[in-house]
Amino acid sequence: MLNKKQTNTIEVSSDIAQVIQDGQQLVAYMAKDGQVSLDPDLAQVMIDAKYKLQKKQWNAQDEAHFLHSYDQLAKAVAPVSMESIRAISRSDNDKPSQAEKAVAWYRRYTLVALICLLFVQVYYLFGHALAHDLKDLYESRNEWHLKLDSEEPNSKEFKQIQSKYEEVGQRLDANYNLLKVWNRIWLMGFSFGSEIPPYSQEKLNVELRRLERAQADANALDNLNLAQTRLTARLQLFENMLFAQSVLEVLQGYVLPLLYGLLGAFIFVLRDLLREIRAITFTTDSEIRYRLRLTLGALGGMIIGWFLNPQELSGLASLSPMAMAFLMGYNVDVLFAIMDQIIDKLRGAMAANDGSKGKSIQGSGNG
C-alpha cells in the first residue's frame with residue numbers, strides 16, 4: 001500500500017507550489033477582509049493542499065481538484081486578485097507596498113503640476129496686464145501729445161496737458177521696463193538688438209550729410225540724434241510688445257490648457273487610485289493605465305479647443321477655456337465622444353455628397 005502511494009506521488013512544480021501559497025492568502029483574505037462568504041469546501045481543499053505539499057503526498061488527482069477549486073475561489077473574490085493583494089500588502093521586511101509607492105509618486109507630482117500651473121498662470125496674468133496697459137498708455141500718450149500741439153505754449157491748459165502728458169509717459173516707461181523684464185524669461189536673458197531698417201538708416205545718413213554740407217548748428221545735429229534715438233526706442237518698444245503678445249498667445253492656447261488638463265488627469269488618478277486601494281483592486285496594470293491617463297489628459301486639455309466651441313453647448317457656455325481643459329483632463333472620455341460625433345458627422349456628410357453625385361450622374365445618363 002505504501003509503495004502504491006509512493007508510485008502515485010508526483011513532484012510538485014514551482015508554479016503549482018506558488019498557486020497553493022496564493023490559495024492560502026486568498027482564503028485568509030476572504031476570512032478577514034472579504035465581502036464574500038467563504039465556502040467551507042473550498043477552504044478545506046486549500047488547507048489540505050498545503051499539508052499534502054508538506055508531506056509530499058501530492059498526485060495528479062489532487063492537482064486537478066485543487067486547480068478547479070482555486071479557479072472557483074478566484075472567481076468568488078473577483079475583482080480582487082492575488083496580484084492586487086500583493087500590490088497593496090507590505091512585504092516581510094516592512095518596505096512600502098506598490099500601492100503606497102504609487103500614492104506617494106502621484107501625490108508628489110500632482111503638487112509639482114499644481115506649482116507649475118500656478119507659476120505659469122501668474123506669469124501669464126502679469127504679462128497680460130503689462131501688455132494691455134502698455135498698449136493703452138501708448139495710445140493715451142499719443143492723444144495727449146496731439147492735444148498738447150493744439151494748445152498755446154503759454155496757456156494754462158497747455159501746462160495742465162503737458163503735466164498729464166509727462167505723467168502718462170512716465171507710466172508708459174515703467175510698464176515698458178517691467179515688460180522687458182517679463183520678456184527676459186523667454187529670451188533667456190538676451191535682449192532685442194533693434195537695428196534700424198536700412199531705408200530708415202539711409203534717410204538719417206542722408207539728412208546728416210545734408211546738415212554737414214550746410215554747416216548746420218549743433219541744435220540741428222542734436223535734433224537728428226534725438227530722432228535716431230527715438231526711432232530705435234520705438235522699434236524696441238514694438239518688438240517687445242509683439243514678442244510679449246506672441247508668448248501670451250502660446251501660453252493661452254497651448255501651455256496653460258495642457259497644464260490644466262494634466263492637473264485634471266492627476267486629480268482623476270488620485271481619486272481612482274483611492275477607490276482601487278479601498279477595493280483592493282490596484283495592480284501593475286492600474287499603474288500603466290494611470291500613466292497613459294496623464295498623457296491623454298494633458299493632450300485632451302490642450303486640443304479640446306480645436307474641436308469644441310463652448311457657445312455651441314448651453315451647458316458649457318459659462319465655462320472658460322481653462323475650465324474646459326481641466327474637465328477634459330479629468331474625464332478624457334468626453335473628448336473621445338466629441339471626436340466620434342465629429343467623425344460621424346463627416347461620414348454622414350460624405351455619404352450624402354456621394355449620394356447626390358450618384359443621382360446627378362444617373363439623371364444625366366437617362367437624359
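The values are calculated or read from the model by the stated rules, or taken from the named source; none is laboratory data. Small disclaimer: the values here were computed from a predicted structure and weren't measured. Glycine also receives a Cβ, built like all others from the backbone with ideal geometry; neighbour counts cover every protein chain displayed.
Filtering region 11-29 to residues that are assigned to a helix (DSSP H, G or I) and either in contact with an Asp or Glu (Cβ under 9 Å, 6 or more places away or on another chain) or β-branched (Val, Ile, Thr) (or both) leaves 16, 19, 20, 27.
Scanning region 149-188 for residues that are under 21 Å from residue 133 (Cα atoms), free of Cβ contacts under 8 Å to residues at least 60 places away in the same chain and of a type in the set (Ser, Thr, Tyr) yields a count of 2.
Are any of the residues in region 274-297 surrounded by 19 or more Cβ atoms within 10 Å (Cβ to Cβ), among the aliphatic types (A, V, I, L, M), at pLDDT 85 or above and part of a helix (DSSP H, G or I)? Yes, region 274-297 contains at least one residue that is surrounded by 19 or more Cβ atoms within 10 Å (Cβ to Cβ), among the aliphatic types (A, V, I, L, M), at pLDDT 85 or above and part of a helix (DSSP H, G or I). Of the listed requirements (1) within 21 Å of residue 277 (Cα to Cα); (2) without any contact (Cβ under 8 Å) to a residue 40 or more places away in the chain, residue 122 misses just one: (1).
Those helices (runs of 4 or more DSSP H) of region 31-103 in which 3 or more residues are polar (S, T, N, Q), surrounded by fewer than 15 Cβ atoms within 10 Å (Cβ to Cβ) and in contact (Cβ under 8 Å) with a residue 24 or more places away in the chain are absent.
Scanning region 144-162 for residues that are touching a helix residue (DSSP H, G or I) at 6+ places or on another chain (Cβ under 6 Å) and either outside the structural domain of residue 172 (by TED's automatic domain parsing) or basic (Lys, Arg) (or both) yields one hit, 147.
Does residue 243 fit the bill of being in the same structural domain as residue 298 (by TED's automatic domain parsing) and of a type outside the set (Gly, Ala, Ser)? Answer is no for this residue. Only one entry in 211, 242 is aliphatic (A, V, I, L, M) and touching a helix residue (DSSP H, G or I) at 6+ places or on another chain (Cβ under 6 Å), namely 211.
Annotation: of all residues in region 205-251 being among the charged types (D, E, K, R) and under 26 Å from residue 121 (Cβ atoms), the one that is surrounded by the fewest Cβ atoms within 10 Å (Cβ to Cβ) is 249.
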